[in-house]
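The values are calculated or read from the model by the stated rules, or taken from the named source; none is laboratory data. What you are looking at is a predicted structure, and each value in this text was computed from that prediction instead of being measured. Every residue, glycine as well, gets a Cβ built from its backbone with ideal geometry; the counts of neighbours run over all protein chains shown. Ligands, DNA and RNA are stripped out before the accessible areas are found, and what is left, the full protein with its side chains, is counted by its heavy atoms. Shrake-Rupley method; radii C 1.70, N 1.55, O 1.52, S 1.80 Å.
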Amino acid sequence: MIRPYQAGDTDAVIAAWQKANALAHPFLSQAFVEKVRQDLRGIYLPNAETWVLEEASAVTGFIALLGNEIGGLFLDPSRHGRGYGKALVDHAVALKGPLKVEVFRDNAIGRRFYERCGFEFAGDEVHEPSGQVSWKMAMPGA
């Protein structure tokens, strides 16, 4: 089930993020990862339009939107490959229309996922806080 994020979901959302982040972003420094973890709780979740994936009363993933841009989409890795990520993207498209996203170039898991969802490469730049190259991707019409 996909439903709106509630404040009581925070710990479960961060747990899903931590597991998926470790898998998709092993190239990020621990200091940067810790900063993002803190910012998830204090900045990102309170300011984004976030939807959670819930199974058997447990939150196992989420998508955070900033307008028509995906600010973050993370699933517990045990849920990868089951269509849940695509369901979250489809839900967001139904709400916002064609979407944009920024994904680290070295995040092969994320890049392949977004390409399968119809996103196309639209440019790259250095993500200053991490020092990593990020790809801007967009669905046609976004």
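Some values worked out for this structure:
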quantity	calculated
Among residues of the stretch 5-33, those that are within 14 Å of Leu53 (Cβ to Cβ), open to solvent by 30 Å² or more (accessible area, probe 1.4 Å) and over 15 Å from the mean Cα position of the chain (by Cα), counted	1
Test set (1) among the acidic types (Asp, Glu); (2) over 14 Å from the mean Cα position of the chain (by Cα); (3) open to solvent by less than 70 Å² (accessible area, probe 1.4 Å) - Glu49 fails condition number	(2)
Strands (runs of 3 or more DSSP E) wholly inside the stretch 1-93 containing at least 1 residues that are among the charged types (D, E, K, R), touching a residue at least 24 places away in the same chain (Cβ under 8 Å) and within 21 Å of His127 (Cα to Cα)	69-75
Number of the exception - Val36 against (1) surrounded by 15 or more Cβ atoms within 10 Å (Cβ to Cβ); (2) within 19 Å of Cys117 (Cα to Cα); (3) in contact with a Pro (Cβ under 9 Å, 6 or more places away or on another chain)	(2)
Residues satisfying the stated conditions in the stretch 113-142, i.e. farther than 15 Å from Ile70 by Cβ and among the charged types (D, E, K, R)	Asp124, Glu125, Glu128
So Gly110, is it under 13 Å from the mean Cα position of the chain (by Cα), of a type outside the set (Asp, Glu) and outside any strand (DSSP E or B)	yes
Residues satisfying the stated conditions in the stretch 113-142, i.e. in a helix (DSSP H, G or I) and either surrounded by fewer than 19 Cβ atoms within 10 Å (Cβ to Cβ) or in contact (Cβ under 8 Å) with a residue 60 or more places away in the chain (or both)	Glu115, Arg116
